[in-house]
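What follows is one structure encoded as structure tokens, with my remarks underneath.
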Amino acid sequence: MRPGKAIPPGASAIHHIIDDDLKDAPPLGAVIDRFRGADFYVAHKCEFEESFFAAQGVELGPWICTYKCALRVWPELDGHSNQELRYALNRATPFPGYERGAISPHRAAFDVVVTAAIFEELIKKARWSELVHWSAEPALHTRFHFGKYRGRRYDEIAASDPSYLQWIVEKSELEEGIKHSARRRTRPPRPSAGPRHPQRRRPSGRHRRMARNEGSEYPPLHLGGSRSSG
């Protein structure tokens, strides 16, 4: 589609698209209706898409952010960019028919294909409710991408220099994802809430005799639970 403004040189340096390439493309308003009405929209770093559409007066959502979800599901990875995840998850050929040599990174159509492959891996690892929850929160970064601790993990700095994380939370003007990531590593552990169910009283001798006489037994206490959504 035609963006309605000149493409900055910095953007062209990434995807190698220039204004002349889009002179015959339709504007957003001519094509957006075909994409309305989805239950969810999936994107890698979906804030970019949200801000782009908002600037055009278009509201779409809710969103599943494969970047935020990948940070939760695979925190051990060194990087969580679209292309890094593609190779880390053994999706160099994202789908049959999209061979590795045919993929051009940073071109919209191919980024969609790679994002779909990442999403397919995510739904194997997490519940849908978790993906929705994580996407609605700020990104939970695993490594610093700036400053004196660039490349080091938040957990490592939480142990060696917790005051730095405290400064990020309380005094810095860094973006909310970084503050959220520091805040999560500086919270004191929550006290145990105790057993999820009250302890069942041991039946009295009279009730035990009644149960035996009626040929029944007291049912065992059933402890159920679900995996935390992070």
For the structure I just gave you, tell me whether residue 6 is of a type in the set (A, V, I, L, M), under 27 Å from residue 121 (Cα atoms) and without any contact (Cβ under 8 Å) to a residue 60 or more places away in the chain.
no
* To do: State whether one or more residues within segment 113-124 are assigned to a helix (DSSP H, G or I), more than 21 Å from residue 82 (Cα to Cα) and modelled with pLDDT of 95 or more.
  => no
Does segment 49-67 include one or more residues that are under 11 Å from residue 118 (Cα atoms) and out of contact with any strand residue (DSSP E or B) (no Cβ under 8 Å at 6 or more places or on another chain)?
yes
Checked against (1) touching a Phe, Trp or Tyr at 6+ places or on another chain (Cβ under 7 Å); (2) more than 25 Å from residue 137 (Cβ to Cβ), residue 63 satisfies every condition except (2)
Practice problem: Determine if segment 179-190 includes at least one residue that is surrounded by 10 or more Cβ atoms within 10 Å (Cβ to Cβ), at pLDDT below 50 and in contact with a Ser or Thr (Cβ under 9 Å, 6 or more places away or on another chain). | Solution: no
Pairing a residue in segment 99-120 that is under 25 Å from residue 131 (Cα atoms) with any residue that is among the basic types (Lys, Arg) and part of a helix (DSSP H, G or I), where Cβ atoms lie under 8 Å and the two sit 6 or more apart in sequence or on different chains, gives 114/86; 117/86; 118/86
Quick count over segment 96-107, residues being surrounded by 10 or more Cβ atoms within 10 Å (Cβ to Cβ) and assigned to a helix (DSSP H, G or I), is 2
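The values are calculated or read from the model by the stated rules, or taken from the named source; none is laboratory data. This one's a predicted model, so the numbers in the text were calculated from it and none came from an experiment. Cβ: placed from backbone, ideal geometry, glycine included. Neighbour counts: every protein chain shown.
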